[in-house]
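Contents: one structure, followed by commentary.
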Amino acid sequence: MAQLQTQTDTTPVLEVRGMTQQFGGLRAVSNFNVRLMPGELTGLIGPNGAGKTTVFNLVSGFYQPTEGQIFINGSPTAGLKPHRVTALGVARTFQNIRLWNDMTVLDNIRVAQHYQLGYGFFHSILRNKRYKQREAEIAAEAEELLEIFDLKRFAQEFPKNLPYGTQRKLEIARALSSHPKLLLLDEPAAGLNSADVKDLIRLVRWIHETFDVSIWMIEHHMDVVMELCSQIKVIDFGETIAEGNPDEIRNHPAVISAYLGDDNI
């Protein structure tokens with residue numbers, strides 16, 4: 001299951017050109033550009049309401065941009081529904097954890113692979129050899145992933161009964177079960193206590209070192225972003241105001257102003 005990073009392709013995992021999103025008279029994102037290469041771990045930060053989650057919703061296909069282009073592994077995403085964007089190699093988590101609470105932990109992992117089942121409706125009705133073989137492969141891979149994430153003991157439990165930090169870990173594991181090339185983490189530390197935040201930092205670093213996946217994360221916990229990300233992009237009111245490494249961002253006047261006000265520069 002775990003694929004060590006060996007990719008040397010120079011094609012960006014994600015390229016966004018001039019992306020703008022209007023909601024009526026509100027411009028939520030304005031002329032947004034980003035280029036993420038294979039193996040990168042980068043951050044997207046900004047004050048509340050800056051447009052960060054809107055950017056992720058656009059990249060993952062939940063919205064279609066008013067203007068601009070999005071490319072996943074060189075393929076344009078214009079007009080594609082979220083499941084088709086997933087098939088191109090994008091997976092994501094959400095600020096508010098979204099798990100299927102009436103399904104077991106194991107089934108949460110299994111169902112995430114629905115887009116790559118490899119059999120059709122009639123195979124599932126007939127339950128033929130092709131159906132049984134593919135279902136066995138999916139179950140085995142799901143169990144392996146649970147073991148990798150130390151979740152196997154919860155396999156038959158319902159997510160709603162798990163501690164919040166464990167639910168967050170499950171959501172990330174479910175995202176990885178689709179074999180993404182780009183993993184979008186939307187505020188993974190939201191709602192976690194200090195001990196869980198430290199565990200999250202270790203988990204994200206381990207995923208980045210172990211799996212063949214680029215990671216782009218939104219996060220309000222600055223210690224998480226500064227410790228994990230090599231490059232950080234900052235937006236405010238939908239516009240990019242700064243980008244650079246953690247030291248450059250930490251001391252950037254526009255960033256300080258956006259978070260603390262002009263009087264603190």
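The values are calculated or read from the model by the stated rules, or taken from the named source; none is laboratory data. The structure presented is a predicted model; accordingly, all values stated were derived computationally and were not measured. So basically every Cβ, Gly included, is an ideal-geometry build from the backbone, and we count neighbours across all protein chains shown.
Here Asp102 fulfils each of the conditions (1) charged (D, E, K, R); (2) modelled with pLDDT of 95 or more; (3) over 30 Å from Ile201 (Cβ atoms) apart from (2). Of the residues making up the stretch 214-227, those that are free of Cβ contacts under 8 Å to residues at least 60 places away in the same chain and either touching a Lys or Arg at 6+ places or on another chain (Cβ under 9 Å) or surrounded by 17 or more Cβ atoms within 10 Å (Cβ to Cβ) (or both) number 4.
This table checks each residue for (1) assigned to a strand (DSSP E or B); (2) in contact with a strand residue (DSSP E or B) (Cβ under 6 Å, 6 or more places away or on another chain).
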| position | (1), (2) |
| --- | --- |
| Gln167 | no, no |
| Ile172 | no, no |
| Ala175 | no, yes |
| Leu185 | yes, yes |
| Gly191 | no, no |
| Asp199 | no, no |
| Leu203 | no, no |
| Val225 | no, yes |
| Ile256 | no, no |
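Looking at the stretch 193-203, can you tell me whether even one residue there is touching a residue at least 40 places away in the same chain (Cβ under 8 Å), surrounded by 15 or more Cβ atoms within 10 Å (Cβ to Cβ) and touching a helix residue (DSSP H, G or I) at 6+ places or on another chain (Cβ under 6 Å)? No, the stretch 193-203 contains no residue that is touching a residue at least 40 places away in the same chain (Cβ under 8 Å), surrounded by 15 or more Cβ atoms within 10 Å (Cβ to Cβ) and touching a helix residue (DSSP H, G or I) at 6+ places or on another chain (Cβ under 6 Å). When Pro76 is tested against (1) of a type outside the set (Gly, Ala, Ser); (2) in contact (Cβ under 8 Å) with a residue 40 or more places away in the chain; (3) over 30 Å from Pro163 (Cα atoms), exactly one condition is not met: (2). Among what's in the stretch 205-223 and is over 13 Å from Leu176 (Cα atoms) and in a strand (DSSP E or B), pick the residue that is farthest from the chain's Cα centre (by Cα). So, considering only residues that are over 13 Å from Leu176 (Cα atoms) and in a strand (DSSP E or B), the one farthest from the chain's Cα centre (by Cα) is Ile218. Suppose we keep only residues that are over 25 Å from Val204 (Cα atoms) and small (Gly, Ala, Ser) within the stretch 50-99. Which one would you say is surrounded by the most Cβ atoms within 10 Å (Cβ to Cβ)? Looking at the filtered set, the residue picked out is Gly68. Looking for something assigned to a helix (DSSP H, G or I), crowded, with 18+ Cβ neighbours inside 10 Å and either modelled with pLDDT under 90 or of a type outside the set (S, T, N, Q) (or both) - is there at least one such residue anywhere in the stretch 119-132? Among the residues of the stretch 119-132, at least one is assigned to a helix (DSSP H, G or I), crowded, with 18+ Cβ neighbours inside 10 Å and either modelled with pLDDT under 90 or of a type outside the set (S, T, N, Q) (or both), which makes the answer yes. Checking Gly43 against (1) closer than 18 Å to Tyr259 by Cβ; (2) out of contact with any helix residue (DSSP H, G or I) (no Cβ under 7 Å at 6 or more places or on another chain), only one condition comes out false. Which one? Of (1) closer than 18 Å to Tyr259 by Cβ; (2) out of contact with any helix residue (DSSP H, G or I) (no Cβ under 7 Å at 6 or more places or on another chain), only one is false for Gly43: (2). Would you mind stating whether Asp247 is over 19 Å from the mean Cα position of the chain (by Cα) and more than 27 Å from Ala28 (Cβ to Cβ)? Answer is yes for this residue.
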